[in-house]
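Values in this text are rule-based calculations from the coordinates and carry no lab data. Since the structure is predicted, the reported quantities are computational estimates derived from the model, not experimental observations. No Cβ is skipped: glycine too gets one built from the backbone with ideal geometry, and neighbour counts run over all protein chains shown.
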Amino acid sequence: MRYEISLVWFRRDLRCYDHAALFSALQNSRRVFCVFVFDRAILDRLPQRHDCRVHFIHSSVIELQKALANNGGGLYVLHADARSAVPELAGGLKANAVFANHDYEPSAVERDGSVRKTLTAAGIEFVTCKDQVIFEKDEVLTQDGRPFSVFTPYKNAWLKRLDGHAMESYGVEQYLDRLARSATGPVPTLAQLGFKPTNVAAIGIKTGMSGADQLFADFRERIDRYHERRDYPALKGPSYLSVHLRFGTIPVRMLVREAWQAANRGAAVWLSELIWRDFYFMILHHHPRVTGHAFRREYESLVFPGDDSRFAAWCEARTGYPLVDAAMRQLNSTGYMHNRLRMVTASFLVKDLHIDWRRGEKYFADNLIDFDLAANNGGWQWAASTGCDAQPYFRIFNPVTQSQKFDPRGEFIRTYVPELSACGDRYIHAPWRMDAEEQAKARIRIGVDYPQPVVDHASARAITLDLYRRAAGTARSSANGARTPA
């Protein structure tokens, strides 16, 4: 046995099965304690006190503590600065090692470096494990040893590496007798953390390991139709597991294994989505600068002439484009947005309203319950045509045709924009096209009960094309100038 006493630090991995760090600690220690920290360095900076993510984490931590206790252990739950609290607890328990799973976000990497330094000074090892992805960092590279910047070749290389070992579960259950019984105390209440309850339960978001299990069991029954239904927000198409992947209440290995073994078209498309997740984590690891800058440097100087009033109209769901407004209302009221609509709303903000993609990225970061830095940044840069493997700048989503294609009967729009519920299918996607008589029939006054479009899409598209051409041309001129001999 390598260690007498170890401490497992739970972060974005709120489960007690198939858990890399927990397994490694149990396998190599006589006694294992567990801790979760509501990190004040993160929570104190959150802009809202009714944050649905904090509520989700809180409920999931309560379930995790009960599960560990039922298996003979416990979970210390602290409300403190993790940088100091984890080393202090480890020292107090006379632990020989602290185990945790890798985190790839720049601030988390810096935090872990600080914790490692403090632990090392105290003679305590800091052992970290890969857990939240299948392949990480340098595990999937090009033939010449470089990180990929295009998804399809990355996916092909990823699939070539995939084998049973990569999908194998960590058998935590065989070592559970090594969990240390401890009087860990109750989980602090939301109020004690400085937060208010949200409507997580009321809007049907299931928390914890049990919630993830229920959603996964349901999705397995319809995975074969995922490719047919996933783009239609009015249909039950997605897995709805994104928040559970974000906070680790379900292991990615189990999901990849299910998709691989199902061997049907729907499962294959879903597996691609899971590979996109690994891809964006890889990009963030190799290019941490993307958190504030365009991946494609030629668009770093891109001008965004849109003003604050347009950004406010987007945030407040009053753009006059029903699908965009319905999507933003879904986000604002539930903390969730359908994936197809994330692409539509992001494209609309950048290429119709001409607002800097970083402002939209931050708005999603502040409001999405499943916010994940790597995926959120990757998605926004894809839509803005500034990222790796991005949507070409000249392909611009038309919010009306997207609405007609993916919500043909307006079911999703009518759910979140009820003032348009009496509009016929012909006008639900572009209600400003109704004349006065048709508006009267639909019991709606465009410009009064529902806004006129904040921009004309065709005109905005022409401006966008010019902005991107200018940015690319400026970058080429600068590059040519740099290569000109003095």
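Using only the C-alpha atoms, the convex hull of the chain corresponds to 167 Å³ per residue. Each residue in His58, His19 was given a count of other beta-carbon atoms within 10 angstrom of its own, and listing them fewest first yields His58, His19.
This ranking places Ser24, Ser272, Ser6, Ser309 by how few other beta-carbon atoms lie within 10 Å of each, fewest first, which gives Ser309, Ser272, Ser24, Ser6. Where a ≥ b ≥ c are the square roots of the eigenvalues of the C-alpha gyration tensor, would you call the stretch 42-107 rounded, which needs a/c under 1.5, or, failing that, prolate if a/b is larger than b/c, or oblate? Oblate shape, in that a/c is at least 1.5 and b/c is the bigger or equal ratio. Between the Cα long axis of helix 106-121 and the first principal axis of the chain there is an angle of about 10°, rounded to the nearest 10. Taking label positions 7 Å along the Cα-Cβ direction at both Thr401 and Arg45, the computed distance is 4.1 nm, reported to one decimal.
Taking 7 Å steps out from each Cα toward its Cβ at Asp81 and Ala365 produces label points 2.1 nm apart. Paramagnetic label reach from Glu136 (point 7 Å along Cα→Cβ; backbone nitrogen cut-off under 19 Å): within the stretch 36-70, residues 36-37.
Shown is the FRET efficiency for Arg257 and Ala422, computed with R0 = 56 Å from the Cβ-Cβ distance and rounded to the nearest 0.05: 0.75. What the Cβ-Cβ distance of Lys94 and His165 gives, at R0 = 56 Å and to the nearest 0.05, is a FRET efficiency of 0.95. Give the distance, in whole Å, between the Cα centre of the stretch 224-270 and the Cα centre of the stretch 333-403. Using only Cα atoms to place each centre, the spacing works out to 21 Å. Straight-line reach from Lys362: taking Cα to Cα under 20 Å and skipping same-chain neighbours fewer than 8 places apart, the lysines in range are Lys351.
Bridging of Lys66 to lysines at a Cα separation below 21 Å is possible for Lys206, once same-chain residues fewer than 8 apart are set aside. Shape class of the stretch 118-238 from the Cα gyration tensor (axes a ≥ b ≥ c, square roots of the eigenvalues): oblate, since a/c reaches 1.5 or more and a/b does not exceed b/c. In plain terms, the chain from Gln143 to Asp356 could stretch by 73.1 nm, reckoned as 0.36 nm per residue minus the Cα-Cα distance.
Which value, in debye to the nearest 20, gives the size of the charge dipole of the stretch 297-471 about its Cα centre, when Lys and Arg are +1 and Asp and Glu are -1 at the Cβ?
Magnitude of the dipole: close to 280 debye.
Each of Arg358, Arg265 was scored by other Cβ atoms within 10 Å of its Cβ. Arranged with the fewest first, they read Arg265, Arg358. At most 16 other C-beta atoms within 10 Å and a DSSP loop state: those are the exposed GluC sites (Glu not before Pro) I care about. Give me the longest piece of the chain that has none. Between exposed loop sites, the widest span is 317-486.
A crude spin-label estimate for the pair Asp449 and Arg2, with each label 7 Å from Cα along the Cβ direction, gives 6.8 nm.
By the rule of a C-alpha distance below 13 Å, with chain neighbours fewer than 8 residues away ignored, the aspartates and glutamates paired with Lys196 are Asp51. Once the C-beta distance of Leu465 and Lys66 is scaled by a Förster radius of 51 Å, the resulting FRET efficiency is 0.35 to the nearest 0.05. Shape class of the stretch 1-139 from the alpha-carbon gyration tensor: rounded, with the ratio a/c of largest to smallest axis under 1.5. Exceeding 28 Å between C-alpha atoms, which entries from my cross-link table qualify? They are Lys236/Lys441; Lys130/Lys160; Lys137/Lys160; Lys160/Lys236. Where the Cα-Cα span goes over 28 Å, the pairs concerned are Lys236/Lys441; Lys160/Lys236. Helix 457-483 and the longest principal axis of the Cα set of the chain meet at an angle near 60°.
Based on DSSP H segments of at least four residues, each scored -39500 (n - 2.57), the chain has a per-residue ellipticity at 222 nm of -14500 deg cm²/dmol.
Take the Kirkwood radius over Cα pairs of the stretch 297-471, plug it into Stokes-Einstein at 20 °C and 1.002 mPa s, and you get 131 µm²/s for translational diffusion. Can you give me the angle between helix 82-92 and the longest principal axis of the chain, using Cα atoms only, in degrees from 0 to 90, rounded to the nearest 10? The helix 82-92 is inclined about 10 degrees to the chain.
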